[in-house]
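Just so it is clear, none of the values below were taken in a lab; they were calculated from the coordinates. Values in this document were obtained by computation on a predicted structure and should not be read as measured data. Please note: Cβ atoms are built from the backbone with ideal geometry, for glycine as well, and neighbour counts cover all protein chains shown.
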Amino acid sequence: MNVAVRYYTRSGNTEKLAKGIAEAIGVTAANVAVPLEERADILFLGCSYYAFDVDPNVKKYICDNKQKIEKIVCFGTSAMMKSVYKPMKKVAEEYGVEIEKEDFHCHGSFGPMHKGRPNAEDISKAQQFAKRILSQ
Ligand SMILES: Cc1cc2nc3c(=O)[nH]c(=O)nc-3n(C[C@H](O)[C@H](O)[C@H](O)COP(=O)(O)O)c2cc1C
């Protein structure tokens with residue numbers, strides 16, 4: 001099975017999860033500036049909330065790579081929202097890409113909020129999530 005990890009980050013929070021996930025499953029994480037080289041059976045795609053939506057770069061990534069994505073599994077961080085699944089599902093459906101209904105999400109630091117998050121425990125949980133998804 002071919003598995004890839006991509007992420008979009010502004011302050012490094014989602015990148016921490018991406019790198020942790022990639023390490024746990026034996027691949028290299030890259031940001032969404034890096035297109036998929038080959039078809040991904042599973043693409044772990046990470047992003048955060050910015051003004052109640054995912055960044056346009058993430059939407060463009062799905063659009064540009066849709067022919068190479070079998071299934072998206074999303075993960076992310078945010079200050080208040082509980083999951084990026086809803087806006088990601090909307091984009092995935094718009095471009096005809098399947099999306100796994102389970103996602104991983106945790107708080108990410110934002111100004112004085114959630115200092116140090118994601119922390120080691122968050123990263124460990126993200127790693128367990130990714131391994132469980134791949135074992136299904
Ligand atoms: C411009 C901006 C807008 C944001 N809007 C939201 C928001 O609408 N809801 C939310 O829960 N968090 C919001 N946040 C907080 C980020 O989602 C949070 O800090 C996240 O962990 C950032 O991840 P990153 O470092 O990977 O970019 C916002 C942060 C920024 C900088």
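Tabulated data
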{"item": "Added length on full extension, which subtracts the Cα-Cα distance from 0.36 nm per residue, residue 131 to residue 10", "result": "41.0 nm"}
{"item": "Rough spin-label spacing in nm, given labels placed 7 Å along Cα→Cβ, for residue 68 and residue 2", "result": "0.8 nm"}
{"item": "Positive-end residue of 118, 99, 26, charge dipole of the chain with Cβ unit charges", "result": "118"}
{"item": "Per-residue ³J(HN,Hα) for the stretch 69-77, Karplus 6.51 cos²θ - 1.76 cosθ + 1.60, θ = phi - 60°, Hz, x for Gly and Pro", "result": "10, 6, 8, 9, 10, 9, 8, x, 9"}
{"item": "5 angstrom amide H check on residue 7, placed H, neighbours 5+ away", "result": "30, 31, 32, 46"}
{"item": "Rounded tilt (10° steps) of 85-94 against the dominant C-alpha axis of the chain", "result": "20 degrees"}
{"item": "Shape category assigned to the chain from the gyration tensor of Cα positions, a/c cut at 1.5", "result": "oblate"}
{"item": "GNM top mover of 59, 86, 68 - the chain, alpha-carbon springs below 10 Å", "result": "86"}
{"item": "5 angstrom amide H check on residue 72, placed H, neighbours 5+ away", "result": "43, 98, 99, 100"}
{"item": "Net dipole in debye of the chain [+1 Lys, Arg Cβ; -1 Asp, Glu Cβ; about Cα centre; nearest 20]", "result": "300 debye"}
{"item": "Highest-fluctuation residue, 112, 35, 87 considered, GNM on the chain with Cα pairs under 10 Å", "result": "112"}
{"item": "Computed [θ] at 222 nm, helices only, for the chain once each DSSP H run of length n ≥ 4 contributes -39500 (n - 2.57)", "result": "-11000 deg cm²/dmol"}
{"item": "Residue exposure sequence - 63, 74 - by fewest surrounding Cβ within 10 Å", "result": "63, 74"}
{"item": "Sites residue 34 and residue 115, calculated FRET efficiency, Cβ-Cβ separation with R0 22 Å, nearest 0.05", "result": "0.15"}
